[in-house]
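First the structure, in the form of structure tokens, and then the observations on it.
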Amino acid sequence: MFKAGIIGATGYTGAELVRILHRHPQVELTALTTQSYAGKPFWEVYPHLYNYVDLICEERDLEKLIGSCEVIFVSLPHGHALALAGEITGRGKILIDLGADFRFRSPDVYEKWYGVTHTARELAAQAVYGLPEIHREKIRPARLVANPGCYPTSVILGLAPLLKNGLVEPESIVIDSKSGVSGAGRGLSLNTHYCEVNENIKAYGVASHRHTPEIEQELSLLAGVEVTVSFTPHLTPMTRGILSTIYGKLTRPASQEEVLALYREFYAGEPFVRLLPAGMLPATKMVSGSNHCDLGVVVDRRTGRIVVVSAIDNLIKGASGQAVQNMNIILGLPETAGLEGPGVYP
């Protein structure tokens with residue numbers, strides 16, 4: 001059994017890591033750290049795990065954590081992994097960061113968009129962007145994995161076959177994404193207050209959302225040219241899920257079947273990407289509670305555009321499930337271990 005610990009276990013993504021890892025057939029959870037609930041049984045913080053998880057929440061003791069784990073997940077807001085990464089990876093341990101600190105090839109880009117000084121620049125070059133369907137072979141030997149953001153996961157998987165095959169004009173891409181409220185985390189704020197969210201939908205971070213450069217970085221690598229996108233996220237009155245509707249101008253005429261065949265070939269053998277048949281489009285309920293990304297593609301012959309619809313659970317494929325998928329790859333375990341099965345409906 002491989003031993004794993006979680007720094008920041010009591011946020012939503014941390015709790016999903018606990019839920020997934022407690023049932024993992026080849027991993028044992030040994031430590032859950034938190035600033036707010038030290039000394040409490042984890043099930044007191046998340047009662048749905050009563051009689052499943054008996055671990056006590058602890059204050060962070062990095063030396064103890066490194067000594068007792070092969071894999072350490074950092075499930076904290078951006079900026080917090082910078083001070084931890086060197087010590088963890090320097091001791092030969094695997095670090096999977098669910099924050100944004102190591103997602104960018106250029107620390108300068110990170111500093112510009114996140115307003116935080118990157119204090120571990122030497123490690124940024126070692127980090128691997130943890131989107132398995134695109135970077136699997138780089139993930140295998142990695143010791144520092146930057147788990148992708150939730151919006152970028154839905155968008156990059158939606159566009160990858162088109163950009164890799166030069167079928168969409170890079171400068172034409174417009175992305176409309178909608179997210180459940182759990183994406184904002186468990187902390188209290190006016191924006192996620194029930195009365196603000198219920199029966200309401202609103203755009204935010206227009207032309208300025210921090211996931212924009214992450215999306216552009218990965219799409220540019222796929223296209224082989226610089227890609228600049230228009231990205232607008234929206235907050236919706238649901239708990240979890242992301243639906244991204246992506247528009248682009250085709251570089252040449254293409255039929256619906258030709259595009260579907262291209263997607264089928266690109267994602268052949270991928271356990272967590274489901275390409276839906278013609279006439280069927282993704283919905284967030286189809287993936288809720290699962291590690292799947294569902295994709296639907298429509299060729300609009302009248303306008304010469306293509307419309308891609310992508311759905312994920314923001315807490316699973318958009319965060320914790322993908323982190324476990326990365327761990328499985330690095331440890332040489334079956335990639336689906338602990339992640340099998342459909343989501344929950346309705």
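The values are calculated or read from the model by the stated rules, or taken from the named source; none is laboratory data. Note that the structure is predicted; figures quoted are calculated from it, not measured. As a convention, Cβ positions derive from the backbone with ideal geometry for all residues, glycine included, and neighbour counts pool all protein chains shown.
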Has the stretch 94-104 got any residue that is surrounded by fewer than 21 Cβ atoms within 10 Å (Cβ to Cβ) and within 20 Å of the chain's Cα centre (by Cα)? no
Of all residues being of a type outside the set (Gly, Ala, Ser) and over 18 Å from the mean Cα position of the chain (by Cα) in the stretch 202-220, which is farthest from Ala146 (Cα to Cα)? Just the residue, please. Lys202
Just checking, how many residues over the stretch 50-84 are of a type in the set (A, V, I, L, M, F, W, C), farther than 26 Å from Gly149 by Cβ and not in a strand (DSSP E or B)? 3
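From the list Gly5, Gly14, pick out the single residue that is in a helix (DSSP H, G or I) and not aromatic (Phe, Trp, Tyr). Step through it out loud before you land on a result.
Values: Gly5 fails: in a helix (DSSP H, G or I).
Answer to the check: Gly14.
May I ask you to list the residues in the stretch 222-231 that are surrounded by fewer than 18 Cβ atoms within 10 Å (Cβ to Cβ) and not acidic (Asp, Glu)?
Pass one, the stretch 222-231, residues surrounded by fewer than 18 Cβ atoms within 10 Å (Cβ to Cβ): 224-226, 228, 230.
Gly224, Val225, Thr228, Ser230 - these are the residues of the stretch 222-231 that are surrounded by fewer than 18 Cβ atoms within 10 Å (Cβ to Cβ) and not acidic (Asp, Glu).
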Search result, residues across the stretch 176-205 that are of a type in the set (D, E, K, R) and within 17 Å of Pro152 (Cα to Cα): Asp176, Lys178
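Every residue, every condition in (1) within 16 Å of the chain's Cα centre (by Cα); (2) in the same structural domain as Arg143 (by TED's automatic domain parsing); (3) assigned to a strand (DSSP E or B), yes or no:
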position: Thr303; (1), (2), (3): no, no, no
position: Val307; (1), (2), (3): no, no, yes
position: Ala311; (1), (2), (3): yes, no, yes
position: Gly321; (1), (2), (3): yes, yes, no
position: Val324; (1), (2), (3): yes, yes, no
position: Met327; (1), (2), (3): yes, yes, no
position: Tyr345; (1), (2), (3): no, no, no
Can you report the number of residues in the stretch 288-332 which are out of contact with any helix residue (DSSP H, G or I) (no Cβ under 8 Å at 6 or more places or on another chain) and either free of Cβ contacts under 8 Å to residues at least 24 places away in the same chain or over 20 Å from Pro277 (Cα atoms) (or both)? 9
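What are the residues in the stretch 91-122 that are assigned to a helix (DSSP H, G or I) and within 22 Å of Ser220 (Cβ to Cβ), if any? Don't jump to the end; show me each part of the working.
Keep residues of the stretch 91-122 that are assigned to a helix (DSSP H, G or I), which gives 107-114, 121-122.
Within the stretch 91-122, Pro107, Asp108, Val109, Tyr110, Glu111, Lys112, Trp113, Tyr114, Arg121 qualify.
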